[in-house]
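K.L.:
Below you'll find the structure I mean.
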Amino acid sequence: MKTDYLDTLGRYWGFSSFRPLQEDIIRSVLAGKDTLGLMPTGGGKSLTFQVPALTVPGLCLVVTPLIALMKDQVENLRKLQIKAVAIHSGCTREEIDIALNNCLYGGYKFLYVSPERLGSELFRIRFQEMNVNLIVVDEAHCISQWGYDFRPSYMRIAELRQYHPQVPILALTATATPKVIEDVQDKLLFRERNVLKTSFRRENLIYAVKYSENKDRDVIEMVKKLKGNGIVYVRSRRKSVEIARYLVQEGISATYYHAGLEHQARNEAHQNWTIGKIRVIVATNAFGMGIDKADVRFVIHADLPDSPEAYFQEAGRAGRDGNKSFAILLSSPSDRAAVSHRILVNFPDNVTIKNTYSALGNYLQIPVGSGKGASYDFDINDFARVYRLSVYTAFSSLKILELEGYIELTEEINNPSRIKFLLNRDDLYRFQVSNSRFDSFIKLVLRSYTGVFTEFTTIDETMLAKRANVDQEIVRQYLSKLVSLGVISYLPQKRSPMVIFFEERLDEKSIYISKENYQTRKERYEERANAMLHYSLSRDKCRSQLLLEYFNEPGSPPCGECDICRIKNESALRQEDFNMLREDIQAVLALQPMTPEQLFERIPANRDKIIEVMQWMLDNDIIRYNTEKYLILHKSE
Ligand code: ADP
Ligand code: MG
């Protein structure tokens, strides 16, 4: 067995060894045990399910909340010639149907699903039939109301167990607070408690908090001093643009990134920074997904993050290559007030929430009593404008409705164009013969893409146009004609966030926001925000120790390098220096009286330091001047 999975690692990925804990998790899973794997971001969680799933027959179901990441992983697996597919709210019913069939009959190894799809009949019936070897819950903290990113649709995962009671669950997360750890195992109906955890200590990451009354200036100063690539996190989109501009004015190569940017601009910023064309990216927390850059040398937070969980994740993007890196948080006198304000904005009152719900129904033109299970493209900025709401309040209200299970807001889903042939090869051939004007276009498509007969395949109209040496518009026309002739199914590219209704639209009065839930959520949010504040204000404990204690890892040694450890080391060093000098002076004067000048010559140390110690010894009557102005030891010493 051991050689089997090592073999898998080398054969597909070309890696020669596992990282800490990967092997333990893999063994636990292969032994059929429910397992909770805790590793910090970048620790290598994906391989802990991909390797065992490839080692044994059958299909691995992966539930994961972020569609962009899901697509990323599927693409990467496909590059390794591994059959994988994803279904999420951006997929059409037809696509989901085909994907599920492929999982049933097509020898697929990985099925990625976003949690809101788990409830559908379509999915459940087929899932039951599948030969499943493992159920993976990535970002498993989303199942816990104690976590900082609770998603109600995660509660559905446990229901899946009934269809495959023998199949183990592997839950993975980078959030390791004790309550979440317990809760995840409960909610996923673990047969036995089984937690495997690596230390969250990051040896090469140096934490520091810097008090700042002028953040723009201090960010610039720091970036100038620091070496290499880095991220500056800010809370507002406007700030990201501003600070990037200041940096550029100072001759530093920098750009900005936030969720309000066009997809293209975002991609470009991310890309340029990743390849090192740009040194510093100033971003809101929208910049996070899909960062796989190993040589990030610093992460500066200009504003206080919401929670230690978020901070640890964001700061942890520095130094994944193991080289020395910095995680710096700027703290300011206004942080406390900012935290109070955030609580207000994040928790709008009941009336506001209900009004937002009604507005949403009207905006999407859903009659009361219908809409259950439907998903809609959704532009929150437009929504807020039409109903004269602040975008923040609208967002917070919708998030609360989401937590109550009425709706779900998805991230922006970037779906490229896809096609699938509806005819089999023979029928297509007959079609080509009798419709010769399509012949060369069809041949081009078949030459450019494989798999078009069995599944929806991503195509790129621009590339096809280039190859055919025609305009993109012509390519689109060909595609639509083929659609109308029943030859292909074509899903043009689309990008948009979505709203999904889990229940039919209710009358505003029937919307129930559980006071208890609301209150506890608010309290937990406050707790986390206060823990973050505590981290920024603390002056007496190693930063790394503070964070590790928060993640239930007490008893780690001080890091020795954070701002707090440095101050302590410095004074400890000073104390040691001081004592040594004191002994030296005593030893020398015990032999013979000396003038201060003679002392400086005899003792190989910095003159100022000697003066300081000498002064202290004089003050404490350990030494004295004799009548000839020579220093002598006092008798009592
Ligand atoms: P996580 O999900 O824990 O944040 P990932 O699974 O995305 O981390 O892995 C992070 C990176 O580490 C990936 O680029 C992956 O290829 C790499 N990696 C994981 N395991 C190994 C290994 N055993 N040897 C070398 N690289 C690895
Ligand atoms: Mg991961």
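K.L.:
Could you run through the stretch 358-408 and say how many residues are aromatic (Phe, Trp, Tyr) and either assigned to a loop (DSSP other than H, G, I, E, B) or in contact with a Cys (Cβ under 7 Å, 6 or more places away or on another chain) (or both)?
P.N.:
3
K.L.:
Right, residue 45: more than 13 Å from ligand 1 (Cβ to nearest atom), open to solvent by 10 Å² or more (accessible area, probe 1.4 Å), under 21 Å from residue 154 (Cβ atoms) and assigned by TED's automatic domain parsing to the domain that holds residue 114 or not?
P.N.:
When the stated conditions are applied, residue 45 does not pass them.
K.L.:
Take the stretch 152-184 and flag every residue that is within 16 Å of ligand 2 (Cβ to nearest atom) and either within 18 Å of the chain's Cα centre (by Cα) or acidic (Asp, Glu) (or both).
P.N.:
Residues satisfying the conditions are 154, 171, 172, 173, 174, 175, 176.
K.L.:
For the stretch 439-459, check the following and say yes or no: at least one residue is in a strand (DSSP E or B) and among the aromatic types (Phe, Trp, Tyr). It would help to see each step written out before you state the result.
P.N.:
Quick first cut of the stretch 439-459, residues in a strand (DSSP E or B) only: 457-458.
Subset that is among the aromatic types (Phe, Trp, Tyr): none.
Within the stretch 439-459, none of the residues are in a strand (DSSP E or B) and among the aromatic types (Phe, Trp, Tyr).
K.L.:
Any residue at all in the stretch 368-380 that is among the aliphatic types (A, V, I, L, M), open to solvent by less than 40 Å² (accessible area, probe 1.4 Å) and without any contact (Cβ under 8 Å) to a residue 60 or more places away in the chain?
P.N.:
no
K.L.:
Also: Return yes or no: is residue 129 away from ligand 2 (no atom under 16 Å from the Cβ) and without any contact (Cβ under 8 Å) to a residue 12 or more places away in the chain?
P.N.:
Considered against the rule, which asks whether it is away from ligand 2 (no atom under 16 Å from the Cβ) and without any contact (Cβ under 8 Å) to a residue 12 or more places away in the chain, residue 129 comes out as no.
K.L.:
Still on this structure, please answer the following. Would you check if there is a residue in the stretch 139-148 being surrounded by fewer than 23 Cβ atoms within 10 Å (Cβ to Cβ) and part of a helix (DSSP H, G or I)?
P.N.:
no
K.L.:
Name every residue in the stretch 72-89 that is open to solvent by less than 20 Å² (accessible area, probe 1.4 Å) and within 15 Å of ligand 1 (Cβ to nearest atom), in order of residue number.
P.N.:
Within the stretch 72-89, 74, 77, 82, 84 qualify.
K.L.:
Does residue 354 satisfy the condition of being more than 21 Å from the chain's Cα centre (by Cα) and in a loop (DSSP other than H, G, I, E, B)?
P.N.:
No.
Yes/no matrix, rows are residues, columns are (1) more than 14 Å from ligand 1 (Cβ to nearest atom); (2) open to solvent by 40 Å² or more (accessible area, probe 1.4 Å):
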position: 15; (1), (2): no, yes
position: 18; (1), (2): no, no
position: 21; (1), (2): no, no
position: 40; (1), (2): no, no
position: 50; (1), (2): no, no
position: 60; (1), (2): yes, no
position: 70; (1), (2): no, no
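K.L.:
Determine whether the stretch 567-575 contains at least one residue that is surrounded by 15 or more Cβ atoms within 10 Å (Cβ to Cβ) and under 30 Å from residue 326 (Cβ atoms).
P.N.:
Within the stretch 567-575, one or more residues are surrounded by 15 or more Cβ atoms within 10 Å (Cβ to Cβ) and under 30 Å from residue 326 (Cβ atoms).
K.L.:
Scan the stretch 310-334 residue by residue and report those that are open to solvent by less than 10 Å² (accessible area, probe 1.4 Å) and in a helix (DSSP H, G or I).
P.N.:
Residues satisfying the conditions are 311, 315.
K.L.:
Let me ask something else. Quick check on my filter: what residues within the stretch 101-119 are outside any helix (DSSP H, G or I) and buried (at least 16 other Cβ atoms within 10 Å of the Cβ)?
P.N.:
Taking the stretch 101-119 first, the residues outside any helix (DSSP H, G or I) are 106-114, 118-119.
Across the stretch 101-119, the qualifying residues are 108, 109, 110, 111, 112, 113, 114, 118.
K.L.:
If we keep just the residues of the stretch 586-634 that are under 60 Å from the mean Cα position of the chain (by Cα) and of a type in the set (S, T, N, Q), which is surrounded by the most Cβ atoms within 10 Å (Cβ to Cβ)?
P.N.:
Within the stretch 586-634, the match that is surrounded by the most Cβ atoms within 10 Å (Cβ to Cβ) is 586.
K.L.:
So, in the stretch 268-298, how many residues would count as being surrounded by 13 or more Cβ atoms within 10 Å (Cβ to Cβ) and part of a helix (DSSP H, G or I)?
P.N.:
6
K.L.:
Kindly indicate whether residue 514 is open to solvent by 50 Å² or more (accessible area, probe 1.4 Å) and of a type in the set (S, T, N, Q).
P.N.:
Taking the combined requirement at face value, the residue does not satisfy it.
K.L.:
Could you look through the stretch 467-507, keep only residues that are among the hydroxyl-bearing types (Ser, Thr, Tyr) and in a strand (DSSP E or B), and pick out the one that is farthest from residue 440 (Cα to Cα)?
P.N.:
496
The values are calculated or read from the model by the stated rules, or taken from the named source; none is laboratory data. Remember, it's a predicted structure, so these values are computed and weren't measured experimentally. For neighbour counting, all protein chains shown are included, and Cβ atoms are generated from backbone atoms with ideal geometry for every residue, glycine included. When the accessible area is computed, the model is the full protein with side chains, heavy atoms only, and any ligands, DNA or RNA have been set aside. Shrake-Rupley method; radii C 1.70, N 1.55, O 1.52, S 1.80 Å.
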